[in-house]
Amino acid sequence: MSSDDRQLAAREALVGVAQEPGVAKPDPILVADGVERQFGGLKAVDVDHFELQRGSITALIGPNGAGKTTFFNLLTGFDSPDNGEWTFNGRSLAGMPAYKVARTGMVRTFQLTKALSKMTVLQNMLLGAPQQKGENFFAGLIAGTWRSQEKANTARAEELLAHFKLDAKSDDFAGSLSGGQRKLLEMARALMVEPDLVMLDEPMAGVNPALKQSLLDHIRELRESGMTVLFVEHDMDMVRDVSDWVVVMAQGQIVAEGPPLEVMQQQAVIDAYLGEHHDVSLDSGSPA
Amino acid sequence: MDFNLIFSQAITQGLGVQAVIFALAAIGLNVHFGYTGLLNFGQAAFLAVAAYGLGVTVATLGLSLWVGVFVGIAAAVLLALLLGIPTLRLRADYLAIVTIATAEIVRLIVRSVTLRDVFGGSDGINRFADEFYALNPFAAGLTLGPLNFSRNDLFVVVVGWVLVLVSCLIVFLAMRSPWGRVLKGIREDEDAVRSLGKNVYSYKLQSLVLGGVLGCLGGFVFAISSQSVQPDNYGTDLTFFAWAALILGGAARVFGPVLGSILFWFLLVFINVALTEAVRVGYITFIDGTQVGQIQFWILGLSLMLLMIYRPQGILGDKRELAFDVK
Ligand SMILES: Nc1ncnc2c1ncn2[C@@H]1O[C@H](COP(=O)(O)OP(=O)(O)OP(=O)(O)O)[C@@H](O)[C@H]1O
Ligand SMILES: [Mg+2]
């Protein structure tokens, strides 16, 4: 199946899904209910119901401070909610520590990149490989137990690095990469985990326009290889370009959902971005 | 001035039992700090529980020295778990505070009057290592160029350096493995490691145990070499000298702590003997011999400061890595 066919298939699956916040999806991989997180007097996240369609590319948008990153943190076990339940692939994840969430196949990246500076780019990648025999202390001492697995992982890492145009950097310290390259490394490293769902927090911030295009291609390829993608992005052109479905957050709540072209027209979205009482369309140009 | 004497003493100390003890302590710290980024300011406690484990088993309970070694290692593992379980989920500085306090608590317990029957109070425990010296294969001491060891010292020093090399080998093997890679990842950013599905807490605990056990070997060498354990030998000085050795040699390098410890003791004794000689011969008149002990630490401290300014990565460290310390 070509990329266009996949996009068609992913979009077709969502045809007929009502354009309202918290709507049910035909085949959800992630279902969240009543997830709330309060910081002092501020309710940063207050999500009533949320479903994520399997095999789709879903964009999570919303103004600064809407609670997108906090919502990511809650879902992936990096923060714990005051209330709420959520299941991934039918398995409840509430209260599960972050590393176990990652092992279930739900892997996230960070808005502020976390390159492991004093390790090489290749070592960064290898750290992502799951179920390594040599990560047991005693097995680690005997190289024979993990050499062949390490070789296979290295091959896969190099393939991914080549894909992200980082292969020339493979032996450099990750700390020497530029901001955009770190974003790429973090995404590639997350893919080493072989996830079912990748959650990317502003993967394209600070990446130059040419590379952005190829990043968009990568994201499409993820869908082609059967992964589900949820990503936060402020650039509406990117969102329109790549996503099958868009979820809009404002002040902690999901205020709108829909296909990328239509959702921008919704009054709730315009309100969320520009405040109420105005008549500007979001369709032309990116919001502030 | 007797330069022969100055160098002979400095080299003998630089390769002597003190250097072995601090090399082992610093190798443990290297696992904690150099590779995992854990701030342990209570390394003395690991040496203390090993030394006392050995001493109490032999002198108080009348069991074999080898049982004592086992008890000492078990005590170090237990101490690591005790320190790590409550603190390693918290921010890095909590471990630092808890370790420094725990080390003092350990020292105060073993020197307490109430427990005198077990630990010997401030006198400690003495003469429990005959079983070790009975194994001495050397017929005589060693005088080789500037080196000068008695028969028993020679045995302890040889066994000690073998322990240092074995420890270095373990660190080398562990740190080149995927296990070591996880530790280095934790040092850089533990949330990133968590997001990749690694149980950070468990690895930190394992690091604390490994570094504690390697460090505790220094406690055995200390106890056996002097045939005694005394509480005040395990104060904060010991921990900070070990840190100095680690930073001097270069953290996160296999031989960094070893080189650091050798240099540390070489310099300390060199300064001491050189000053004493200079005072004796009359080159220096504004201090007397009894003040040398304090002044040697001033000079050593000054040298360490200069090293940190001009070579902050330590002797074996990699300058390139420092560039990334600013986040
Ligand atoms: N640890 C925290 N303590 C207190 N308040 C917080 C904390 N983390 C987030 N907040 C607040 O919660 C709200 C949501 O923040 P969040 O980072 O989730 O926004 P966001 O949608 O990711 O924004 P952006 O698009 O700017 O990244 C903000 O008002 C923020 O100030
Ligand atoms: Mg954010």
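Yes or no, residue by residue, for (1) out of contact with any His (no Cβ under 6 Å at 6 or more places or on another chain); (2) more than 14 Å from chain B (Cβ to nearest Cβ); (3) over 27 Å from A:Y273 (Cα atoms); (4) within 14 Å of ligand 2 (Cβ to nearest atom):
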{"position": "A:Q19", "(1), (2), (3), (4)": "yes, yes, no, no"}
{"position": "A:V23", "(1), (2), (3), (4)": "yes, yes, no, no"}
{"position": "A:L60", "(1), (2), (3), (4)": "yes, yes, no, yes"}
{"position": "A:G67", "(1), (2), (3), (4)": "yes, yes, no, yes"}
{"position": "A:Y99", "(1), (2), (3), (4)": "yes, no, yes, no"}
Can you find a residue in the stretch B:5-25 that is open to solvent by 10 Å² or more (accessible area, probe 1.4 Å) and free of Cβ contacts under 8 Å to residues at least 40 places away in the same chain? no
Looking at (1) under 24 Å from the mean Cα position of the chain (by Cα); (2) over 27 Å from A:E135 (Cβ atoms), which is the one condition that is false for B:A174? (2)
Restricting attention to the stretch A:70-85, which residues are closer than 20 Å to A:A256 by Cβ and within 13 Å of chain B (Cβ to nearest Cβ)? A:F72, A:L75
List, please: which pairs have Cβ atoms under 8 Å, are six or more places apart or on different chains, and start with a residue in the stretch A:33-51 that is polar (S, T, N, Q) and end with one that is open to solvent by 20 Å² or more (accessible area, probe 1.4 Å)? A:Q38/A:D82
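Return yes or no: is A:A18 surrounded by fewer than 20 Cβ atoms within 10 Å (Cβ to Cβ) and within 27 Å of A:D271 (Cβ to Cβ)?
yes
Taking A:V45 as the residue in question, decide whether it is under 26 Å from B:L196 (Cα atoms), within 16 Å of ligand 2 (Cβ to nearest atom) and not acidic (D, E).
Answer is yes for this residue.
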Residues (closer than 18 Å to B:G72 by Cα, open to solvent by less than 70 Å² (accessible area, probe 1.4 Å) and aliphatic (A, V, I, L, M)) located in the stretch B:85-109: B:A103, B:V106
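Yes or no, residue by residue, for (1) surrounded by 16 or more Cβ atoms within 10 Å (Cβ to Cβ); (2) within 14 Å of chain B (Cβ to nearest Cβ); (3) within 16 Å of ligand 1 (Cβ to nearest atom):
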position: A:P209; (1), (2), (3): no, no, no
position: A:K212; (1), (2), (3): yes, no, no
position: A:R220; (1), (2), (3): yes, no, no
position: A:L230; (1), (2), (3): yes, no, yes
Pairs, first within 11 Å of chain B (Cβ to nearest Cβ) and charged (D, E, K, R) in the stretch A:154-177, second open to solvent by less than 30 Å² (accessible area, probe 1.4 Å) and in a helix (DSSP H, G or I), C-beta under 9 Å, six or more apart: A:D172/A:V121
Would you confirm whether any residue within the stretch B:111-121 is closer than 30 Å to B:Y203 by Cβ, open to solvent by 10 Å² or more (accessible area, probe 1.4 Å) and in contact (Cβ under 8 Å) with a residue 12 or more places away in the chain? no
Counting only strands (runs of 3 or more DSSP E) entirely within the stretch A:29-128, those with at least 1 residues that are within 11 Å of ligand 1 (Cβ to nearest atom) are A:42-53, A:57-61
Cβ pairs under 6 Å, 6+ apart or interchain, first in the stretch A:67-89 and at positive phi, second within 13 Å of ligand 1 (Cβ to nearest atom) and open to solvent by less than 30 Å² (accessible area, probe 1.4 Å), ordered by first then second residue, are A:G67/A:A44; A:G67/A:V45; A:G67/A:M249; A:G67/A:G252; A:G84/A:V35
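The values are calculated or read from the model by the stated rules, or taken from the named source; none is laboratory data. Just so you know, these numbers come straight off a predicted model, no measurement behind them. Neighbour counts run over all protein chains shown; Cβ positions are idealised from the backbone, glycine included. Note: areas computed on protein heavy atoms with side chains; ligands, DNA, RNA excluded. Shrake-Rupley method; radii C 1.70, N 1.55, O 1.52, S 1.80 Å.
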